[in-house]
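Chemist: Pasting a structure below so you can have a look.
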Amino acid sequence: MKAAVFKKRDEMAVIDVPNPIAGAGEVVLKVHNCGICGSDLHAVQYGIGMAADTVMGHEFCGEIHAMGPDVNGYQLGDRVTSLPYFACGVCAWCQRDDAMHCSRLRSLGLGQLPGAYAEFVACSAASLLKLPANVSSRAGALVEPLSVGLHGVNHASIEPGMGVVVMGAGPIGLSTLIWAKAKGASAVVVSELAPGRTELAMKLGASAVVNPTESDPADAVKSITGRAPDVVFECIGVKSTLGAAIGMVGRHGQVVVIGVCLESDSIFPLTCVMKELQINFALAYTRSEFQETIDALANGTIDATPMITDVINVDEVPAMFTELKRPGTRAKVMVEFPH
Ligand SMILES: [Zn+2]
Ligand SMILES: [Zn+2]
């Protein structure tokens, strides 16, 4: 089958790889869609931990094409998405729906197991979730990034009337915006340097989009709620953005860090003490958050499809990875397979 693979630092290629086979408790999906994620771009840029010919792609959905032994509750042809990992299912973390901390977790698409920039992908049946007929396959492949936003929002307590700042209008910032609105925030101001992302953030429900070098996002919240932001979501993940979040949030405020900063950073603890802040860090998602996202897409509580700015085929993946290194207006780029 055809697959987009990591070759070496800064190099992707489309090659032929053997079709996956479903082992016990596993299914093979015929992939419908797979989204390109910022962490894919980073992984290729830095070449961290991936062997040559690694099939990437972890935000996907498809239909069940083959089933191994011991798979119950699914039929061939079922449309599903999957948590992008195999977990042990029995440890204390797995038992409490917190498999991201399972010590036997093996992830798909980032070097451990093959991912879904391919016509077929093998998944654990335990990681599957069914997609209702009214959730398109493109939306189905957004469940993963949307669940990252939901997990972050679940690390804060948002109440109606609250004012929120989302720092960063990349796919994770936009997912966080969508969920902060859905959970009842009265004002959600997005802070973003790139001008091209304003329109999309507004379409997804932002109260305002502010360039933080030109004006203070906290003032934009204040103009709506009358006070400093109650919650600030850090969805950028570079040095100094956590400090900026701490500076912006109001007294007794909440800061949630979803962005992944890969270098050491410093904060000024006195500010946190004087404001009596809560600072939480959020990693990935839980299975129940995947389900909540699917339900919200199905019943129309959220509509995330405007996030998809490009649909490409698998042959175009290497060129798109190069393209995405440059700043631009693209949000979610969706790889689509004929289905
Ligand atoms: Zn991702
Ligand atoms: Zn486990």
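The values are calculated or read from the model by the stated rules, or taken from the named source; none is laboratory data. Note that this is a predicted model, so its numbers are computed, not measured. Cβ placement follows ideal geometry from the backbone for every residue including glycine, while neighbour counts extend to all protein chains displayed. Just so you know, the surface numbers come from the protein's heavy atoms only, side chains and all, with ligands and any DNA or RNA stripped out. Shrake-Rupley method; radii C 1.70, N 1.55, O 1.52, S 1.80 Å.
Chemist: Note down, for the chain, the three equivalent ellipsoid semi-axes (square root of 5 times each alpha carbon gyration tensor eigenvalue), biggest first, whole angstrom.
Modeler: That gives 34, 21, 19 Å for the three semi-axes.
Chemist: Give me the distance between the Cα centres of segment 64-114 and segment 270-339, rounded to whole Å.
Modeler: When both Cα centres are located, 20 Å separates them.
Chemist: Another question about this same structure. Can you give the log10 of the normalised intensity I(q)/I(0) at q = 0.16, 0.18, 0.24, 0.27 Å⁻¹, computed with Debye over equal Cα scatterers of segment 82-138?
Modeler: The calculated log intensity ratios at q = 0.16, 0.18, 0.24, 0.27 Å⁻¹ are -0.56, -0.68, -0.98, -1.09.
Chemist: Given a Förster distance of 35 Å, report the FRET efficiency between GLU323 and ARG106 from their Cβ-Cβ distance, rounded to the nearest 0.05.
Modeler: For R0 = 35 Å, the calculated efficiency reads 0.70.
Chemist: Figure the gain on full extension for VAL311 and VAL90 (residue separation times 0.36 nm, minus the Cα-Cα span) and round it to one decimal in nm.
Modeler: 75.7 nm
Chemist: Per residue, how much accessible area does the chain have with a 1.4 Å probe, in Å²?
Modeler: Per-residue value: 44 Å².
Chemist: Lysines near LYS130 by alpha-carbon distance under 20 Å, same-chain residues fewer than 8 away left out - which ones?
Modeler: Within reach: LYS30.
Chemist: Given the Cα-Cα distance of SER288 and ASP70 and 0.36 nm per residue of separation, how much length would full extension add, in nm?
Modeler: Answer, rounded to one decimal: 76.2 nm.
Chemist: Run the quick spin-label model on VAL14 and SER240: label points 7 Å from Cα toward the beta carbon, then report their separation in nm to one decimal.
Modeler: Output for this residue pair reads 4.1 nm.
Chemist: Further question on the same structure: Roughly what would the spin-label model give for LEU41 and CYS272, points 7 Å off Cα along C-beta, in nm?
Modeler: 2.9
Chemist: Cα to Cα, under 21 Å, and not fewer than 8 places away if on the same chain: which lysines meet these conditions relative to LYS181?
Modeler: LYS203, LYS222, LYS332
Chemist: For the chain, what does -39500 (n - 2.57) per DSSP helix run (n ≥ 4), summed and divided by total residues, give at 222 nm, in deg cm²/dmol to the nearest 500?
Modeler: Mean residue ellipticity, 222 nm, calculated: -7000 deg cm²/dmol.
Chemist: Also, I was wondering about something else. Determine the share of segment 147-281's accessible area contributed by carbon and sulfur atoms, expressed in whole percent, with a 1.4 angstrom probe.
Modeler: 55
Chemist: Let me ask you something else. For segment 147-281, calculate the relative contact order in percent as a whole number, restricting contacts to Cα pairs under 8 Å that are 6 or more residues apart.
Modeler: 23
Chemist: Mind checking the log10 I(q)/I(0) for segment 147-281 at q = 0.12, 0.18 Å⁻¹? Debye, one equal scatterer per Cα, no solvent, two decimals.
Modeler: -0.38, -0.90
Chemist: Between ILE224 and GLU159, what FRET efficiency follows from the Cβ-Cβ distance if R0 is 22 Å, with the result rounded to 0.05?
Modeler: In this case the efficiency is close to 0.90.
Chemist: Which of the aspartates and glutamates could a cross-linker bridge to LYS7, judged by Cα under 12 Å and excluding same-chain residues fewer than eight apart?
Modeler: Output for LYS7: ASP53.
Chemist: Suppose R0 equals 41 Å. What FRET efficiency, 1/(1 + (r/R0)^6) with r the Cβ-Cβ distance, do ASP97 and SER215 give to the nearest 0.05?
Modeler: Result of the calculation: an efficiency of 0.50.
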